[in-house]
Amino acid sequence: MLNFDFNTYQKPKKLKKYNKEIFKIKETLKNGGEMLDWYNIDNCISYEEVNKIKTISEYIKNNCELFIVVGIGGSFLGAKAIINALTPYFNKTNPEIIFAGTSLSGTYLDDLLNYMQNKQTIINVISKSGTTLETIETFTQLFQKMKQKYNDEELKQRIIITTDEKEGKLRILANSGFTSFNIPRQIGGRYSVLTTVGLLPIAVSGINIDNLLEGAKNYNQDKAFEYAIIRDILYKKKKFIEIFSIYEPKLQYFGDWLKQLFGETQGKNKKGIFPSLSINTRDLHSLGQFYQDGNPIIFETVINYKTKNNKLEELNQIAVDKVAEAHFMAGCESNIITLDELDELHLGMLIHFFEVAAATGGYLLHVNPFDQPGVNTYKDLLKKELKKGN
Ligand code: PA5
């Protein structure tokens, strides 16, 4: 179960005012259409694809020491979030899973090229467009390295391509004999964690993808709409920053996934709540000053999880309560979502809860929840500049 404590926000009369609008949004989501396939989990991935993922992930586990996932934005954040949340801090996974293509750091790539030198390696490159600079440049260099390490036949077993089913450079490469997965056309990057994009790397880490999907199907829809309304009310009260606060650092990348989900969904037409992340209690010793005493444009959403039988964890839970109390005294509302367990089922519920809340928030702001023109502006300028050089 997920427990929702929205008590510091709740204004029942104001919530009711949204009834008509929420009814329309529910209909839109239910009826489906452009970029809405993420809403029905059965449209995210078919039974056959789940089985293919299971088969290929077993192959990967048995045939490499190093599994490199190349992708950026929605093509990596969801998988990284779930793997980090559900695998141990140390001695993480076998094979080791490394994410690449998330920056243009030459140092990172050089170090990775050295690191893979003597390791049996399999690569999964993930890009819906097949044109994203960071992904394609990184993959091109890793591919060269793989060609030095393996003959053509072996190479075909060691490069897995996840991309659009018909278009793009990666699809052309995939069709020349590599194992490949299709990314559903009507699902954007930030809503794609429960598709082939996220589920293959997640399965390689040993996480149970059936339970993740089952959790997503059993999310709490009413609470997702309520949370979206509360965010909208706070936005209208000039609360322009939402801090996603976590007290379990394993959820750091889940927080980064949330930043993308809400940032790209709502931040457009000069509108939106700026999503931020606080890794507590660490950040209470730095940003805590601002939360408590700075410009009062902040509210927070805490994602809480209680581990059992651990003295330190008792202190962690006291901190969750007392920090929320202190923030509330300063006019910073705290919305607390508590997971009974940190497992596949609960993270599945949480993923879909936030996806529905983010999309609803976009509709309430009257922006298109599913485009990202701002991201495309920088991508296009970069491409133009690079063309000049050629
Ligand atoms: O949400 C989005 O659409 C973006 O953040 C993309 O995920 C990101 O830019 C990567 O794009 P692609 O998968 O086409 O390489």
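Numbers for the structure displayed
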| item | result |
| --- | --- |
| Cβ-Cβ under 9 Å pairs, at least 6 apart or on other chains, the stretch 49-63 side of a type in the set (Ser, Thr, Tyr), far side open to solvent by 30 Å² or more (accessible area, probe 1.4 Å) | Ser57/Gly206; Tyr59/Gln157; Tyr59/Thr179 |
| Filter pass, Tyr247 being farther than 29 Å from Tyr363 by Cβ, modelled with pLDDT under 95, in contact with a helix residue (DSSP H, G or I) (Cβ under 8 Å, 6 or more places away or on another chain) and surrounded by 20 or more Cβ atoms within 10 Å (Cβ to Cβ) | no |
| Test for Leu364: is it at pLDDT 95 or above and either more than 20 Å from the chain's Cα centre (by Cα) or over 30 Å from Ile187 (Cα atoms) (or both) | yes |
| In the stretch 103-137, the residues that are of a type in the set (A, V, I, L, M) and modelled with pLDDT under 95 | Leu133 |
| 2 or more residues under 27 Å from Val302 (Cα atoms): qualifying helices (runs of 4 or more DSSP H) within the stretch 1-66 | 12-16, 19-31 |
| Among the residues listed as Gly361, Gly348, the single one being within 30 Å of Asn40 (Cα to Cα) and within 16 Å of the ligand (Cβ to nearest atom) | Gly361 |
| Residue list for the stretch 334-355, restricted to those being part of a helix (DSSP H, G or I) and open to solvent by less than 20 Å² (accessible area, probe 1.4 Å) | His346, Leu347, Gly348, Leu350, Ile351, His352, Phe353, Phe354, Glu355 |
| Within the stretch 256-277, considering residues that are within 16 Å of the chain's Cα centre (by Cα) and free of Cβ contacts under 8 Å to residues at least 60 places away in the same chain, the one most open to solvent (accessible area, probe 1.4 Å) | Lys259 |
| Residue list for the stretch 362-377, filter: open to solvent by less than 60 Å² (accessible area, probe 1.4 Å) and not polar (S, T, N, Q) | Gly362, Tyr363, Leu364, Leu365, Val367, Pro369, Phe370, Asp371, Gly374, Val375 |
| Residue within the stretch 299-309 that is within 18 Å of Leu86 (Cβ to Cβ) and of a type in the set (D, E, K, R) present | yes |
| Test: residue in the stretch 300-316 that is open to solvent by less than 10 Å² (accessible area, probe 1.4 Å) and aromatic (Phe, Trp, Tyr) | no |
| Subset of the stretch 367-390 (residues that are away from the ligand (no atom under 13 Å from the Cβ) and touching a residue at least 60 places away in the same chain (Cβ under 8 Å)) | Val367, Leu386 |
| Matching residues in the stretch 183-199 - criterion: being open to solvent by 10 Å² or more (accessible area, probe 1.4 Å) and away from the ligand (no atom under 11 Å from the Cβ) | Pro184, Arg185, Gln186 |
| Verdict on Asn124 being in the same structural domain as Arg171 (by TED's automatic domain parsing), open to solvent by 70 Å² or more (accessible area, probe 1.4 Å) and under 19 Å from Ala79 (Cα atoms) | no |
| Flag for Asp210 being within 16 Å of the ligand (Cβ to nearest atom), acidic (Asp, Glu) and at pLDDT 95 or above | no |
| Close pairs from the stretch 82-106: first polar (S, T, N, Q), partner surrounded by 13 or more Cβ atoms within 10 Å (Cβ to Cβ) and not in a loop (DSSP other than H, G, I, E, B), Cβ under 7 Å, at least 6 apart | Asn84/Lys250; Asn84/Gln252; Asn84/Tyr253; Thr102/Glu134; Ser103/Glu134 |
| Set Lys128, Lys156: member being within 27 Å of Leu381 (Cα to Cα) and among the basic types (Lys, Arg) | Lys128 |
| Residues satisfying the stated conditions in the stretch 115-149, i.e. of a type in the set (Ser, Thr, Tyr) and out of contact with any strand residue (DSSP E or B) (no Cβ under 8 Å at 6 or more places or on another chain) | Thr131, Thr132, Thr140 |
| Positions within the stretch 126-158 being basic (Lys, Arg) and more than 16 Å from the ligand (Cβ to nearest atom), in sequence order | Lys145, Lys147, Lys149, Lys156, Arg158 |
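Conditions tested, residue by residue: (1) closer than 20 Å to Glu264 by Cα; (2) open to solvent by less than 40 Å² (accessible area, probe 1.4 Å).
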{"site": "Phe23", "(1), (2)": "no, no"}
{"site": "Trp38", "(1), (2)": "yes, yes"}
{"site": "Asn43", "(1), (2)": "no, no"}
{"site": "Tyr47", "(1), (2)": "no, no"}
{"site": "Val50", "(1), (2)": "no, yes"}
{"site": "Lys54", "(1), (2)": "no, no"}
{"site": "Tyr59", "(1), (2)": "no, no"}
{"site": "Ile68", "(1), (2)": "no, yes"}
{"site": "Ile72", "(1), (2)": "yes, no"}
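The values are calculated or read from the model by the stated rules, or taken from the named source; none is laboratory data. On a predicted model such as this, the values are computed, not experimentally measured, just so you know. In this analysis, Cβ positions are derived from the backbone assuming ideal geometry, glycine residues included, and neighbour counts consider all displayed protein chains. These area figures cover heavy atoms from the full protein model, side chains too; ligands, DNA and RNA do not enter into them. Shrake-Rupley method; radii C 1.70, N 1.55, O 1.52, S 1.80 Å.
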